[in-house]
Amino acid sequence: MKSKLKSFLLECQSFIKKQGIERITFMLICFLLVLALVGGGHYIFQLHQAKTQLEQRKSQLKAELSTLEDAEKYEVRKMNVTKYAPLDGAAIEGWDYEGDREVTASGKKVVPGRTAAAGPNIPFGTRIYVEGKGWYTVRDRGGAIGVDDIDLATESKEVSQEWGKQKRLIIIEVQ
């Protein structure tokens with residue numbers, strides 16, 4: 001039930017942007033009423049918890065999106081997010097970096113927690129917001145990075161390996 005709820009909440013994020021918060025709230029209330037008629041009391045309790053979590057996430061997304069001055073200047077996509085650590089002493093040339101480990105493909109310095117690598121479809125200098133991580137600037141490329149991939153610079157290989165590969169919402173500042 002927990003994984004289904006998590007999946008449901010992730011899909012709701014996209015739906016909220018398209019449909020609007022008021023319509024989603026109305027639909028959720030209708031859904032709860034139908035379940036109350038068909039289901040039992042424990043389903044109502046679980047749905048109430050889900051509704052509370054959805055409202056909290058909705059508030060977070062609304063706060064995140066409210067910082068955006070002009071919505072047309074942004075594109076929202078769900079992308080694969082990984083991390084890389086070119087500055088780590090254990091970094092491997094050809095895998096974690098090419099040439100100088102401190103310099104990105106754009107010629108700028110690597111800044112862990114602020115530098116991102118993306119495919120050629122996202123120009124250097126583009127600001128992106130990674131759900132749950134904050135704002136990054138695309139300054140690097142990578143041989144294995146496709147059009148739906150983002151690679152975030154981090155301080156250590158251990159952190160990058162613990163992160164693995166995650167699907168996250170990405171807000172791309174259109175240039």
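Considering only residues that are crowded, with 20+ Cβ neighbours inside 10 Å and without any contact (Cβ under 8 Å) to a residue 60 or more places away in the chain, which ones fall in the range 98-130?
Here is the first cut: in the range 98-130, the residues crowded, with 20+ Cβ neighbours inside 10 Å are 104, 110, 115-118, 122, 128-129.
Residues satisfying the conditions are THR104, VAL110, THR115, ALA116, ALA117, ALA118, ILE122, ILE128.
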For this session: Would you mind stating whether VAL111 is among the hydrophobic types (A, V, I, L, M, F, W, C), at pLDDT below 95 and within 22 Å of the chain's Cα centre (by Cα)?
Result: no
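If I filter the range 105-125 for residues that are under 28 Å from SER59 (Cα atoms), of a type in the set (Val, Ile, Thr) and assigned to a loop (DSSP other than H, G, I, E, B), do I get at least one hit? Spell out how you get there, then give the answer.
Applying the first criterion (under 28 Å from SER59 (Cα atoms)) to the range 105-125 yields 113-116.
Now narrow it down to the ones that are of a type in the set (Val, Ile, Thr): 115.
Next cut, assigned to a loop (DSSP other than H, G, I, E, B) only: none.
No - not one qualifying residue is present in the range 105-125.
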For this session: Would you tally the residues in the range 74-97 being surrounded by fewer than 21 Cβ atoms within 10 Å (Cβ to Cβ), modelled with pLDDT under 95 and not charged (D, E, K, R)?
Result: 8
Problem set entry | Test: VAL159 is at negative phi and in a helix (DSSP H, G or I) | yes
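The values are calculated or read from the model by the stated rules, or taken from the named source; none is laboratory data. Values in this document were obtained by computation on a predicted structure and should not be read as measured data. As a convention, Cβ positions derive from the backbone with ideal geometry for all residues, glycine included, and neighbour counts pool all protein chains shown.
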